[in-house]
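Accompanying notes for the structure given below.
The values are calculated or read from the model by the stated rules, or taken from the named source; none is laboratory data. No experiment lies behind these values; they were computed from the predicted model shown. Neighbour counts are summed over all protein chains in view; Cβ atoms, including those assigned to glycine, are modelled from backbone coordinates with ideal geometry.
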Amino acid sequence: MPSTPPRAVAVEAAASQPTDADNAAITRLSQATGRDLPPVAYLVKIQLETVPEATSSGWALYVGNFRIPKYWEYKDGIYFKVYDPQFFTDHAGGALRFSPDGTEFIETGLVLTSPEILPSAATETPDLPQQRDILG
């Protein structure tokens, strides 16, 4: 079993300018879903009380029963990216939780929040901050 689970203290979602890699992912996802997705990378930041040391066995992150396939570290915790704004509708109010094995869950007491800006592909995308500015 991994070390002590991370203690999440806050969650925030923000729309940002996509990187080149994000744009490629948005294009692939648009083709796969048959929908034009806006050129936006949504960052969901989860602030942790203490960022745990890297170990050989880690904690999987879930929103409700959906496993977040990949997340990264930033100075105050972890974050993951969302390219389809429908994710926020589909998982609205979903509990953020950690699991060492996909069957036992540690509840954080936090739920997924939506970003203030949810541009659609049909509307003009507003000027958005750079990801490095959001991750500080």
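Below, the figures for the structure above:
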| item | result |
| --- | --- |
| In region 30-70, residue farthest from Pro100 (Cα to Cα) [restricted to those that are among the basic types (Lys, Arg) and within 13 Å of the chain's Cα centre (by Cα)] | Lys45 |
| Residue within region 50-65 that is modelled with pLDDT of 95 or more and surrounded by fewer than 16 Cβ atoms within 10 Å (Cβ to Cβ) present | yes |
| Residue that is nearest to Thr27 (Cα to Cα), among those in region 79-116 that are more than 11 Å from the chain's Cα centre (by Cα) and among the polar types (S, T, N, Q) | Gln86 |
| Qualifying position, being surrounded by fewer than 14 Cβ atoms within 10 Å (Cβ to Cβ) and in contact with a Leu (Cβ under 8 Å, 6 or more places away or on another chain), among Gly77, Gly93 | Gly93 |
| For Arg28: the one exception among (1) part of a loop (DSSP other than H, G, I, E, B); (2) free of Cβ contacts under 8 Å to residues at least 60 places away in the same chain; (3) among the charged types (D, E, K, R) | (1) |
